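Undergrad: Sharing a structure, written as structure tokens. Questions coming.
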Amino acid sequence: MIHRYQKNGLNFVLDVNSGAVHVLDDISYAVSGLIDENMADTCPQQIVDELSQYPAEEVREAYDELLELKKAGQLFAEDDYIDVSKYIPVGAPVKALCLHVAHDCNLRCKYCFASTGDFGQGRKIMPPEIAQKAIDFVIARSGKRHNIEVDFFGGEPLMAWDTVVQTVDYARSLEEKFNKKFRFTITTNGLLLDEDKRAYINENMDNVVLSLDGRPSVNDEFRKTVSGTGSYDVIVPKFKALVDARDPQKDYYARGTFTSHNLDFADDVVHIADAGFDRLSVEPVTADPGCGYDLTEADLPKIEAEYDRLTEIMLERRKAGKPFSFFHFMVDLDQGPCVVKRLRGCGAGYEYVAVTPDGDIYPCHQFVGKDEFKQGSVLDQSFDMEIATKFAGMNIYTRPKCQKCWAKFYCSGGCSAANYNMNHDMNDSYDLGCEMERKRLECAIYLKAAEKICAD
Amino acid sequence: MKHVSTLTSATLKQTAAHGGCGECQTSCQSACKTSCTVANQKCEHAK
């Protein structure tokens, strides 16, 4: 399977199963549209005739180069090297927790998928004892995995600060004994950030995700305080102080959400960059259809055009010496994840689980509150292996739409929760999400090529 | 090659032999939490 596309005068051919990415001139790109996996050893006269606008010798030459790629396993490669059954994890070693230390929030964001923080379960703070049981759970379940990740999530995790600090201390105290390395992330709206918390986060968190939607008017339309005022003016100086003091070797993201109300979201990305942040992520909203700010198929042309515009802005910024990264345009073509990870995706439900303030376990943060997905509890260390096995068994080969999709090894089958929320079937891919993902990947690969051309 | 420039070769296939250690970051822990891109994650062995 190959995928062909053009962008800003560059012609791309992606070989899906091998992962190869080629940039073609106009002649070879035209030839690539007339061939399939059954390439003859010499260029068929029919192709030469059909491309009569080009010199025949050049067409044959281009054909030969494509044939050479095919013989080298970089064009029309088969996926027969992938033994899916071998890659389905057995025993579900859990290695990552989304720790919901607070089912409470000091913002009332209108688009919140967590029902403004409580996930529909009542406002609660996780006691340190339950967080410690969650750490015990992941250590006991992690098998031979050395690296364990914990994301302090909510709600707003800074509202459960004592739990955060005690959990970090507890996990660190067990690292040597169990030969584990904990890596912490915190996802915060920033309202409660003060000097002490900022210093603690920069010292102890490997990654920090700072929620900010962009321009003041855009941010404050959705991200309001309990009293109904906008949050922008309070959070941006706090975020800036945190990032300015942070070790550049450690990760952070200024992370926003776009809705149908700001389909010109590239302006929000630029705004965040101009505010002094250089690692950005602005993502499509997760929302119920018909809510008034959800994204629909009708928005797709505008969204795609906006991703194109953002791509050009990023190139201009790079040339001007003011680059920034955009999470969804980051793609590692050389040293990215292995094919095994690309088959399986996020690991929700078997290697990644969410834990609520009461200690209940769900496949991920987006399944919290859906009773049929409750997997167990850290209080008694129970874990429903039937649900875990069901999640572990899902991959790009079990999702019908993925099988024909060129992007499957980049997105790994998408988000099970999005599929379930939109289509009530975790294997039935959410089409609009897929369309956006494919567009972002085309932009990401274009950026890689443009960077290389600039460097050369 | 005159007509084709290869940005990246068949790296995916090469990873089949040694992949699957599971030590890398869980994709949803990085920044997204609502969407999915796996190809932007790092291999733990490439760091």
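Undergrad: Based on the mean of other beta carbon atoms within 10 Å per residue, what is the order of A:265-278, A:286-299, most packed first?
TA: Working: A:265-278: 19.7, A:286-299: 13.6.
So the order, starting with the most tightly packed, is A:265-278, A:286-299.
Undergrad: What residues have an amide H closer than 5 Å to that of A:PHE258, excluding those fewer than 5 places away on the same chain, when H is modeled at 1.01 Å from N in the peptide plane?
TA: Excluding prolines and chain starts, which carry no amide H, the hits are A:GLU283, A:VAL285.
Undergrad: May I pose another question? Once fully extended, how much extra length lies between A:ASN423 and A:THR229, figured as 0.36 nm per residue of separation less the alpha-carbon to alpha-carbon distance? Write out the running numbers ahead of the final one.
TA: On the way: separation 194, 0.36 × 194 = 69.84 nm, distance 3.53 nm.
My answer for the length gained is 66.3 nm.
Undergrad: Moving on. State, as an integer percentage, the relative contact order of chain A based on alpha-carbon contacts under 8 Å between residues 6 or more apart. Walk me through the numbers before you get to the answer.
TA: On the way: 778 pairs, mean separation 64.0, N = 456.
The value is 14 percent.
Undergrad: Using only the alpha-carbon atoms, how far is helix A:431-455 inclined from the longest principal axis of chain A? Give it as 0 to 90 degrees, nearest 10.
TA: Relative to chain A, helix A:431-455 is tipped by roughly 70 degrees.
Undergrad: Just list whichever of A:LYS370/A:LYS408; A:LYS370/A:LYS401; A:LYS144/A:LYS341; A:LYS70/A:LYS401; A:LYS452/B:LYS2 have alpha carbons separated by over 19 Å in the model shown. Display every interim value, and only then the final one.
TA: Working: A:LYS370/A:LYS408 27 Å; A:LYS370/A:LYS401 25 Å; A:LYS144/A:LYS341 17 Å; A:LYS70/A:LYS401 26 Å; A:LYS452/B:LYS2 17 Å.
Long pairs (Cα-Cα over 19 Å): A:LYS370/A:LYS408; A:LYS370/A:LYS401; A:LYS70/A:LYS401.
Undergrad: With a 1.4 Å probe and all protein chains left in place, how much accessible area per residue does the stretch A:103-154 have, in Å²?
TA: Values: 1930 Å² over 52 residues.
Value returned for the stretch A:103-154: 37 Å² of accessible area per residue.
Undergrad: Right, another one. Report the B-A buried area as the accessible area lost on both sides summed, probe 1.4 Å, in Å² to the nearest 100. Walk me through the numbers before you get to the answer.
TA: Working: alone 4600 and 20210 Å², together 19630 Å².
The buried area between B and A, both sides summed, comes to about 5200 Å².
Undergrad: Using a 10 Å cut-off on Cβ to Cβ distances, tally the other chain neighbours for every residue of A:326-333 and report the average as a whole number. Intermediate results must be reported in sequence, preceding the final value.
TA: Working: counts 1, 6, 6, 2, 7, 6, 8, 6.
Going residue by residue through A:326-333 and averaging, the value is 5.
Undergrad: Related question: Which whole-number percent gives the relative contact order of the stretch A:199-312, counting Cα pairs below 8 Å spaced six or more residues apart? Intermediate results must be reported in sequence, preceding the final value.
TA: Values: 137 pairs, mean separation 30.9, N = 114.
Value for the stretch A:199-312: 27 percent.
Undergrad: Using θ = phi - 60° and the Karplus relation 6.51 cos²θ - 1.76 cosθ + 1.60, list the HN-Hα couplings for the stretch A:136-151 in order, rounded to whole Hz, with x at every Gly or Pro.
TA: 4, 4, 5, 5, 5, 8, 7, x, 8, 4, 8, 8, 10, 10, 10, 9
Undergrad: Something else: Would you mind giving the mean number of other chain beta-carbons within 10 Å of the Cβ of each residue in A:341-354, as a whole number? Walk me through the numbers on the way to the answer.
TA: Working: counts 13, 6, 4, 3, 6, 8, 6, 4, 0, 0, 2, 4, 0, 1.
What the average comes to for A:341-354 is 4.
Undergrad: Another question, then. So, in Å, what gap is there between the alpha-carbon centers of the stretch A:192-271 and the stretch A:49-93?
TA: One Cα centre to the other: 43 Å.
Undergrad: Place the peptides A:176-189, A:72-85, A:410-423 in order of packing, highest mean first, counting for every residue the other Cβ atoms within 10 Å and averaging per peptide. It would help to have the intermediate numbers written out before the result.
TA: Numbers: A:176-189: 18.4, A:72-85: 16.2, A:410-423: 23.6.
Top to bottom by mean Cβ count within 10 Å: A:410-423, A:176-189, A:72-85.
Undergrad: Taking each residue of A:5-15 in turn, how many C-beta atoms of other protein chains fall within 10 Å of its C-beta, and what is the average?
TA: On the way: counts 0, 0, 0, 0, 0, 1, 1, 1, 2, 2, 5.
That works out to 1 on average.
Undergrad: Here is a follow-up. How far is it, in nm, from the label point at A:ASP83 to the one at A:LYS240 when both lie 7 Å from their Cα along the line to the Cβ?
TA: About 5.7 nm, to one decimal.
Undergrad: Between A:GLU372 and A:LEU174, what FRET efficiency comes out of the Förster formula 1/(1 + (r/R0)^6) with R0 = 25 Å and r the beta carbon distance, rounded to 0.05? Kindly include the intermediate steps, with their values, before the conclusion.
TA: Values: r = 33 Å, r/R0 = 1.31.
In this case the efficiency is close to 0.15.
Undergrad: In the stretch A:1-29, whose amide N lies under 15 Å from the spot 7 Å out along Cα-to-Cβ of A:ASP456? List them in ranges.
TA: Inside the label zone: A:9-13, A:21-29.
Undergrad: Still on this structure, please answer the following. Go ahead and estimate [θ] at 222 nm for chain A from helices alone: -39,500 (n - 2.57) per DSSP H run with n ≥ 4, summed, over the residue count, rounded to 500. Mind showing how you got there, number by number?
TA: Values: 17 runs with 179 residues, N = 456.
-11500 deg cm²/dmol, from helical runs alone.
Undergrad: Rounded to the nearest 0.05, what FRET efficiency is calculated for A:VAL165 and B:LYS42 with R0 set to 25 Å and r the Cβ-Cβ distance?
TA: According to the calculation, E is roughly 0.35.
Undergrad: How large is ³J(HN,Hα) for each residue in the stretch A:197-211, as worked out from phi by the Karplus curve 6.51 cos²θ - 1.76 cosθ + 1.60 (θ = phi - 60°), to whole Hz, x for Gly and Pro?
TA: 5, 4, 5, 5, 4, 5, 7, 10, 9, 5, 8, 9, 10, 9, 7
Undergrad: Going highest first, how would you order A:331-343, A:384-396 by mean Cβ packing within 10 Å?
TA: Values: A:331-343: 21.8, A:384-396: 18.4.
Put in order of decreasing packing, that is A:331-343, A:384-396.
Undergrad: Right, next: Mind listing the long-range amide H neighbours of A:ARG108? Cut-off is under 5 Å, sequence gap 5 or more, other chains count too, H placed in the peptide plane at 1.01 Å from N.
TA: Residues meeting the amide H criterion: A:LYS224, A:THR225, A:VAL226.
Undergrad: Can you list the HN-Hα couplings for the stretch A:42-50, worked out from phi with the Karplus curve (6.51, -1.76, 1.60; θ = phi - 60°), rounded to whole Hz and with x for Gly and Pro?
TA: Working through the residues one at a time gives 10, 5, x, 4, 4, 5, 4, 5, 5 Hz.
Undergrad: Continuing with this model, one more query. Against the longest principal axis of chain A, how steep is helix A:232-244, in degrees 0 to 90 to the nearest 10, with axes from Cα atoms?
TA: Between helix and principal axis, roughly 80 degrees.
The values are calculated or read from the model by the stated rules, or taken from the named source; none is laboratory data. Since the model is a prediction, treat every value here as computed from it, not as a measurement. So basically every Cβ, Gly included, is an ideal-geometry build from the backbone, and we count neighbours across all protein chains shown. What goes into the accessible areas is simple: the full protein's heavy atoms, side chains included, and nothing from ligands, DNA or RNA. Shrake-Rupley method; radii C 1.70, N 1.55, O 1.52, S 1.80 Å.
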